[in-house]
Amino acid sequence: MKNVIVTGATSGIGFAVCEALLSSNHKVIGIGRSAESCEKARRSLLEKNANADIIFFSADLMQLEEVKKISSEILEHISMHWNGKLDVLINNAGCVRSRYCTTKEGYEHQFALNHLSSFLLTYYLINPLIKAQGRVVITSSESHKGIKMNWNDLMFTRFYRPLRVYKQSKLANMLFAFGLNDRHSVYGLRAYCVDPGLVNTKIGEKQTYGLVNMVWSLRKKKGVTPDVPANSYLYLVESDNHPEGLYIHKNKPKEYSSYVNRENADRLWKISEKLCSIEFGRFQ
Ligand SMILES: NC(=O)c1ccc[n+]([C@@H]2O[C@H](COP(=O)([O-])OP(=O)(O)OC[C@H]3O[C@@H](n4cnc5c(N)ncnc54)[C@H](OP(=O)(O)O)[C@@H]3O)[C@@H](O)[C@H]2O)c1
C-alpha cells in the first residue's frame with residue numbers, strides 16, 4: 001500500500017488514476033481546484049469503492065500562494081497519518097488557454113499551472129518524498145517534441161500562440177523531471193514523465209473559445225478513455241524498484257526529445273526558482 005498525491009484529481013486522467021489507485025487499496029490525497037469539485041469527486045469515488053482511503057484538498061494551483069498554503073496542510077496530514085512519508089507525487093493538473101491570461105503573481109496560466117505549480121509543490125513536499133525514497137510522476141505529452149523553450153519570452157507576452165504555449169509547458173515538465181533526477185536521485189528519489197497518449201477529456205474545452213475549443217472538441221473523440229493511461233501511473237506507483245527511463249508510455253520507456261538535456265534543464269530550474277522565490281537546494 002502506497003501513499004500517493006494526485007493533482008488534477010477531479011476529472012479526466014487524474015480522476016481515473018485515483019480510481020485505479022483506490023481499487024488497489026493505495027491511500028490517496030486528491031487535489032482539485034474548488035471545494036465543490038473535490039466533494040463531487042470524493043463522493044463519486046466512494047460510491048464506487050466505499051472503503052476507499054481518499055481525502056481531498058482544494059486549491060487553485062496556478063496561484064503560487066495557494067500552492068504554498070495547501071502544501072502546509074498536506075504536510076501536516078502526511079506527518080499525522082502517513083508517518084511523514086510520501087511514496088508518490090503525481091503532478092497531473094493542467095490547462096489549455098486560448099488567449100494570454102495571468103495569475104495573481106502575473107504569470108501566464110499554462111506556464112503557471114502546467115509547470116510552475118508542479119515545481120513548487122514538489123519543492124514543498126521533497127522531504128517526505130525523500131524519506132520514502134519516493135517518486136515524482138508528471139503528466140507530459142508527445143507534444144513536448146519538436147520545439148524549444150522560448151527563453152526570451154517564456155510566458156509569450158508578445159505573441160501568444162496557445163498550442164505553442166501548451167507544448168512548451170509539456171517540454172518544461174520533461175526538463176523538470178530531468179533536473180529532479182539530476183539533483184535528487186542521489187537521495188533515492190526518482191522522477192518520471194508519463195505520455196498518456198491522446199485521451200478523451202474536456203481539457204481543451206475549459207475556459208477556452210473559438211478555434212482552440214473547436215479543434216479539441218473534435219480531436220478528443222479520437223482519444224482513449226482516461227482509464228487507459230491510468231495503468232501507466234499504477235505501474236509507476238507499484239513497481240518495487242524504480243523503473244528505468246524518464247519518459248513512460250504504456251509501462252515502457254519511450255524516446256524523448258534531445259532538447260531534454262542538462263543544460264536546458266538547469267536553465268529552466270534556475271528561472272523556475274526565481275519565479276517561485278525559492279532555492280530548491282540539493283536536500284533541505
Ligand atoms: N487529454 C489528453 O489527451 C492529454 C494528452 C497529454 C497530456 N495531457 C495532460 O494530462 C493532464 C490532465 O489533463 P486531462 O486531459 O485529464 O484534462 P482535465 O480532465 O481537464 O484534467 C485537468 C485537471 O486539472 C485540474 N485543474 C485545472 N485548473 C486547475 C487549477 N487552476 N488548480 C487546480 N487544478 C486545476 C482540473 O480541475 P477541474 O476538474 O476543476 O477542471 C482537472 O482535475 C494535463 O496535464 C494535460 O496537459 C492530456
Compute the signed sum of charges (Lys and Arg +1, Asp and Glu -1) over the other residues within less than 12 Å, Cβ to Cβ, of ASN251. 0
For region 75-206, would you read off the P(r) tail past 27 Å as a percentage of all alpha carbon pairs? 24
Using the Kirkwood radius over Cα pairs of the chain, the Stokes-Einstein translational diffusion coefficient at 37 °C and 0.692 mPa s, in µm²/s and rounded to a whole number, is 176
Cα convex hull of region 163-256: mean projected area in nm², to one decimal? 7.0
ASN251 to ASP53: FRET efficiency via 1/(1 + (r/R0)^6), r the Cβ-Cβ distance, R0 35 Å, to the nearest 0.05? 0.90
I need ASP227, ASP240 ordered by Cβ neighbour count within 10 Å, fewest first. ASP240, ASP227
Over all Cα pairs of region 202-284, the Kirkwood radius sets Rh, and Rg/Rh then becomes 1.07
Beyond a 22 Å Cα-Cα separation, which of these cross-linked pairs lie in this structure: LYS145/LYS254; LYS27/LYS85; LYS104/LYS274; LYS206/LYS274; LYS69/LYS104? LYS206/LYS274
What distance in nm separates the simple spin-label points at SER23 and CYS101, each placed 7 Å from Cα in the Cβ direction? 3.3
Order of HIS242, HIS26 - criterion: other Cβ atoms within 10 Å of each residue's Cβ, fewest first: HIS242, HIS26
Using DSSP H assignments, which helices in the chain have an axial alpha-carbon span of 24 Å or above and a mean Kyte-Doolittle hydropathy of -0.5 or higher? 64-81, 162-184
The chain: calculated mean residue ellipticity at 222 nm from DSSP helix runs of at least 4, using -39500 (n - 2.57): -13000 deg cm²/dmol
Under Stokes-Einstein, region 1-108 at 4 °C and 1.567 mPa s, with its Kirkwood radius over C-alpha pairs, diffuses with a coefficient in µm²/s of 90
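Each value in this text was obtained by applying a stated rule to the coordinates, not by laboratory testing. Just so you know, these numbers come straight off a predicted model, no measurement behind them. Please note: Cβ atoms are built from the backbone with ideal geometry, for glycine as well, and neighbour counts cover all protein chains shown.
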